[in-house]
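Coordinate-derived values only; no laboratory data. Keep in mind that this is a model prediction, so the values were computed, not measured. Note: ideal-geometry Cβ built from the backbone for every residue, glycine included; neighbour counts use all protein chains shown.
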Amino acid sequence: MAREPNIPVNEPVGDTVKKTTCYMCACRCGINVHLRDGKVRYIEGNRDHPVNKGVLCGKGSAGIMQHYSPARLRAPMRRVGPRGSGEFEEISWDEALKTATDWLGAVRKIDPKRLAFFTGRDQSQSLTGMWAMQFGTPNFAAHGGFCSVNMAAGGLYTFGGAFWEFGDPDWDLTKYFMLFGVAEDHASNPIKIGIGKLKARGAKVVSINPVRTGYNAVADEWVGIRPGTDGLFVGALIHELFRRQKIDLDYLVRYTNAPWLVIDDSGSADDGLFARDADGNPLVHDRKSGGLASGKLADIQPELTGSRYLPDGRKARTVFELMAERYLSGEYSPDVVAERTGVPAEQIRRIAAELADVAFEQEIVLDQPWTDWAGRRHDKMIGRPISMHAMRGISAHSNGFQTCRMIHILQILLGSIDCPGGFRYKPPYPKQTPPNLLPHGALGSIRPEMPLGGPHLGFPHGPDHLLLDGDKPSRLDKGFSWDAPMSAHGLMHMVINNAAKKDPYGIDVLFMYMANMAWNSSMNVPDTLDALTAKDENGNYVIPKIIYSDAYYSETVPYADLILPDTTYLERWDCISLLDRPISEADMVADAIRYPVVEPDRNVRGFQEVLIDLGSRLKLPAFTNEDGSAKYPGGYADYIVNHQRKPGIGPLAGWRGKDGGEFCVGEPNPEQLERYVENGSFFAHEIAPEHAYFKHANRGYLDWGIEKGIRLSAEPTIFQLYSEPLQKFRLAARGHGDRQPPDTHRDRIETHFDPLPFWYPPFEEQMVEGFPLHAITQRPMHMYHSWGSQNAWLRQITAANRLYMHTSIGERIGATDDDWVWLSSHLGRVKCQIRLMEGVNPHTVWTWNAIGKRKGAWGLDNDAPENTRGFLLNHLISELLPKGGGGYRYSNSDPITGQAAWFDLRVNIEKADGAGETEPHFEPLGRGGLPEAPHKLAFGSEFRREPA
Ligand code: SF4
C-alpha cells in the first residue's frame, strides 16, 4: 500500500500571504493567497470574510491554474489576417491605445451612437457605465440582459429588492426554504453555507427544478417541474392560500398596495390606474373615517376588499379584490395546472398547506423593539419563517418577468419579506418601488462630443420613458423600445446581429469586454460568426472595427481587430462597490477590492486601467482636468480613491474622510486602499439590531440609509402587488396617450403587460411544432461560464458534456449511455452523446453549460475532449422568434424586459449512427501567435521538498 504523504500542515507554505477577493465566480469570497518567491503557491478561504467565512470551493482553489493558464494573452495585438483566422501581430501599448483612441475619437466627433460598448460578467459596471455615459453613446449595457434581468427587474418593480446580490434567505431562522431554478456555479459558497445551516437545524428545503443535481439533490423534496411552468405552479400555490384564507392580511395592509383602489372604467384613458387624490396620492377606502383617504397616511384603517365609488361617480376596486379574482379562478387550481406543470395536484396542495402552517402556526417572535416608518414603536419583531431563492431557471424564459413577480407575490402574501426567518434585504436595498432611476439615451439627446444626460439603464414608469425616435429604437439592441420596454439591463444578445443588419442602424466600432460573444454567450453561433465577418458591397466589414479586451484566448478574440489584453484577477485592482453590486450581507453594509498580489509577467494591463487611460486620451470630461491633463494619472487605484459620484460618495464605502474615520459618506481618504488591504481587502459595518428587519418600513433604517447616502427617500418602500407602470403600457396599446406602439406590437403589449402577474406559455412552444422536448442547460458547480475550460484542475472533473435525459426517452429512441444522437430544433441540429438518468423531468433533456469549445481556442489541443465531444445548445437557439402575425420577428426574449429566453428551447431527438465527433464542425481557429501549450500542465514542482 502506498505510504500516506507526510505533509506538515502547520508550516507556512510560502513566504508571504496576501488577502484579496476571489474571482473564479461571481460570489466574491475572501481569499488568502500564499506566495513563495513571488509565485502563487496556495489559495485558501479567508475566515474573517463576511461572504465565505473561510469556505473555499473547488473553483476558488483552482484559481492557481487560471492564473498560470497557457491561454493567457501576452501582449496587445492587431489583426493581420481575415477575421476569424486568428492571425495577429503583437504591438506596443502605445500603438494599441493610439489606435483605439483614433477609432473611438472619430466616432465621438461625428456620431457617438456609432460606438456600441458592451461588457460581460465583469464587476465594474459603475465605471464602465460612467465611461460610456461620458462618451455619449446610448449603446451600453453589461451582460444582465442575457443573464437574469427578469429576476432583478421583477423584484425591483415589486418590492425594491431581488434575490442573490440584493438579498438572502434568513439562513439562521428560516424553517422552510424554496429554491427555484438556481445555477450551482453562481450562488455558490453562500448558498452552500446557508443550506448547511438549514440541514443542521432540520429546516425543510424544497427545490423546484427540472433537473435533480447539486442543491436539488440535497433538497428534502424535489419538484421536477416542466421548464417554463413555474409561474403556473406558484399561481396554484397562491390559489390555495386564497382558497384556504391563509394570507397575512395585516402585512398586506401595512406594507403593500393591496388596499389601493384601481379605477374600473373600461375604455377610458385611466382605466386600471390607481385612483388618486389632488396631490397624486393613491386612494383607499378608510374604515375609520368611512370615506376615501390617501393610502399613504398612517392613521387610517384601509379596507382590503370590495369596490367603491369615486367622487366622479366611477367605480374602483381594491388591488386585493382583483388579486382574489385572478388567483381564485379555475385556471390556477392545482387540478388544472397539474398536467401542464408535471406536478401532481396533491403535492401542490400539500406544499401550500406546509407554507401556511410554517408561516402562521410557527411564527417567530424576536424581543427586539423597533420603530416603523410612521414613528410607531413595536416591542417585538414577528417573523414568518419561509424563505425563497430563485435564479436563471426562472429568469431565462419569455414569461420570466411575470413568473419572478409571481414568486414575490407569494412571499408577500405569506408576510415573509424582510422579517425574521424570511427573505432579507442586503444594504443598499430596498430601493423605492417602482425604482426611480430612469433610462437615458433617446436619439434626440445624442450630440457629438457631448456626454449623455444620465445613466443608460433604468426603470421606465410608462411609455414616456421609452428611448425612441418616433417609433424607431434609439438603442442598437432595441432596449427601452416597444420591442422590450422595460429592458433594465439592455439586450446584449442582440447587439452583434442587429449591427450586422444595420437594424435599427449601423455602427463604426464594437467595443467589448469579457464576453465570449463568438461562442457560448451568443444564441445561434453560426449566424453570429457570419455577422462578425459580414462584408458590404465594397468588401469592407459591415461592423468596421472591433476592439476586444479579455485575459484569455477565447473564441471571440480571433474576431476582433484590436486586442487589449487584460490581467488575471490576481494581478489587478478591482472595486466591488456599493455603487454597483456590493458584497453586503443582510446584517451589514460591505464592499471589497482586489489588488495586485502578483505582478504580471506579460505585457498586459487591467481593463479598467486601460479604460481610464482611454477616457483621458479622448478628453472625456470626467477623466480630464480643466487643463487637459489626466484626472486619474494613478490609474484605477487613483480613480477608486478619488472619484466622487456625488460629494462625499465614491466607489468605496470604508475608511472615508481625511483621517479614515467615516464610512459611506466622507471626502476621499488618500490612505483608503491601504486600510482595505490591511483589513483583508474588504470593509464591513454591522447595522444596528433594531434596523435588522422590516428595512422597507423601518424608520431607523430609512433615516440611516439617507444619512449614509444609500437611499434617496425617507418614505417607506411600498410593495407593488399591482404594478401601475405595466398598465400604462397597456393603455398605450389600447390607443391612449401620445406615445403608442406600432400596430404590429399592440396585441403583444396588451397581452403581456398585465399589472397583476400571470402565466402564459413560453413563446417558442407557442410558435413551433414538431419539437416535443424541452432542452436546458445547468451550470456545473465546479466551473463558471466558459472560464473553467482552460483550467487544468477543473478540466479533470469535466472535459466533455453529455446530453442527459430520462431513461424513458432513451428507451423510446433505443439509445443508452454514451450513444450518439442528433438533437434538433427549428434552427439547426447538434450531434452529441447521451447519458440516461432518473432525476430529470421526463419531457426535458439537459446538459452542462459552456463545456464545448472550438478548436484553436483556450490553449487546448485540437483533440481535447472539449473540442471533440463537448457541445453547445447555443447552436440550436435562435436569437429571433419565428415570424408571427404581422410578419415581424421579435427577439427570442421576454416581451417586457428583453431577457434572453435561453430555456424556451424545444427539441427533437433521434439516434445517430456510430460514433464520431460532435457536430456542427467549425474550422479550427488560428492560435493568435500564442506559444504552444505544454502537452501536460503541472504546477508546483519548484516548491517540492524532499519528504521528511
Ligand atoms: S464560491 Fe466563487 S468566489 Fe467563492 S471561492 Fe468559489 S469560486 Fe471563489
When the convex hull of the C-alpha atoms of region 852-899 is computed, what volume per residue in Å³ does it have? 96
Karplus-derived 3J(HN,Hα), 6.51/-1.76/1.60, for each residue of region 643-654, Hz, glycine and proline x: 5, 10, 6, 9, x, x, 10, x, x, 10, 8, x
Phi angles of region 335-351, converted by Karplus (6.51 cos²θ - 1.76 cosθ + 1.60, θ = phi - 60°) into ³J(HN,Hα) in whole Hz with x for Gly and Pro, give 5, 6, 7, 4, 5, 5, 7, x, 10, x, 4, 5, 5, 4, 5, 5, 5
Debye calculation, C-alpha points only, no solvent: report log10 I(q)/I(0) for region 398-553 at q = 0.17, 0.18, 0.21 Å⁻¹, in the same order as the q values. -1.14, -1.20, -1.37
How large is the direction-averaged shadow of the alpha-carbon convex hull of the chain, in nm²? 39.6
Calculate, in whole percent, how much of the Cα-Cα pair population of region 329-424 lies beyond 16 Å. 68
How large is log10 of I(q)/I(0) for region 256-398 at q = 0.10 Å⁻¹ when the intensity is taken from the Debye formula with one equal scatterer per alpha-carbon? -0.57
Charges only on Cβ, +1 for Lys and Arg, -1 for Asp and Glu: so what's the dipole of region 550-609 about the Cα centre, in debye to the nearest 20? 100
Which semi-axes, in whole Å and largest first, does the equivalent ellipsoid of region 731-880 have when worked out from the alpha carbon gyration tensor as the square roots of 5 times its eigenvalues? 38, 21, 14
Kirkwood Rh and Cα-based Rg: tell me the resulting Rg over Rh for region 130-246, rounded to two decimals. 1.05
For a quick check: with amide H placed at 1.01 Å from N, whose amide H comes under 5 Å from Thr16's, ignoring anything fewer than 5 positions away on the same chain? Leu35
In terms of the Cα gyration tensor, with a ≥ b ≥ c the square roots of its eigenvalues, is region 374-490 rounded because a/c is under 1.5, prolate because a/b exceeds b/c, or oblate? prolate
If amide H atoms are built 1.01 Å from N in the plane of the peptide, which residues on other chains or at least 5 residues away come under 5 Å of the amide H of Met388? Met178, Phe423
Among 125-137, 806-818, 645-657, how do they line up from the highest to the lowest mean number of other beta-carbon atoms within 10 Å? 125-137, 645-657, 806-818
Let me know the Rg and Dmax you get for region 510-598 when you use only its Cα atoms, in Å. 17.8, 61
Starting with the fewest neighbours, write out Ser387, Ser893 ranked by other beta-carbon atoms found within 10 Å of each beta-carbon. Ser387, Ser893
Apply the Kirkwood formula to region 505-664: the hydrodynamic radius equals the inverse of the mean of 1/r over all pairs of different alpha-carbon atoms; give it in Å with one decimal. 18.3
Project the alpha carbons of region 816-911 onto their principal axes and report the range along each, largest first, in whole Å. 47, 35, 22
Expressed in whole Å with the largest first, what are the equivalent ellipsoid semi-axes of region 1-160 derived from the C-alpha gyration tensor as the square root of 5 times each eigenvalue? 39, 26, 15
Ordered by residue, what ³J(HN,Hα) values in Hz, to whole numbers, does region 236-243 give under the Karplus form 6.51 cos²θ - 1.76 cosθ + 1.60, where θ = phi - 60° and Gly and Pro are x? 5, 5, 5, 3, 5, 5, 5, 4
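Cα-Cα over 25 Å: which of Lys175/Lys708; Lys175/Lys426; Lys53/Lys658; Lys98/Lys619; Lys855/Lys936; Lys380/Lys426?
As for pairs spanning more than 25 Å Cα to Cα, those are Lys175/Lys708; Lys53/Lys658.
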The alpha-carbon center of region 99-142 and that of region 785-855 are separated, in whole Å, by 38
Under the rule rounded for a/c under 1.5, else prolate if a/b exceeds b/c, else oblate, using alpha carbon gyration tensor axes a ≥ b ≥ c, region 717-782 is classed as oblate
Scan around Leu872 for amide H atoms under 5 Å from its own, H built in the peptide plane at 1.01 Å from N, and keep only partners 5 or more places away or cross-chain. none
Per-bin percent of Cα-Cα distances, region 37-92 [10 Å]: 19, 29, 22, 19, 11, 0
Straight-distance crosslink candidates among aspartates and glutamates, where the alpha carbon sits under 18 Å from Lys831 and sequence neighbours closer than 8 are dropped: Asp817, Asp818, Asp819, Asp863, Glu866, Glu910, Asp913, Glu917, Glu919, Glu923
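Relative contact order, percent, of the chain when contacts are C-alpha pairs under 8 Å separated by at least 6 residues?
Over the chain, the number comes to 18 percent.
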Over 29 Å (Cα to Cα) - which of Lys113/Lys535; Lys296/Lys728; Lys59/Lys113 fall in this group: Lys59/Lys113
Viscosity 1.567 mPa s, temperature 4 °C: Stokes-Einstein D of region 47-138 from its Kirkwood Cα radius, in µm² per second? 75
Dimensionless Rg ratio for region 452-536, taking C-alpha atoms and the 2.2 N^0.38 Å reference: 1.15
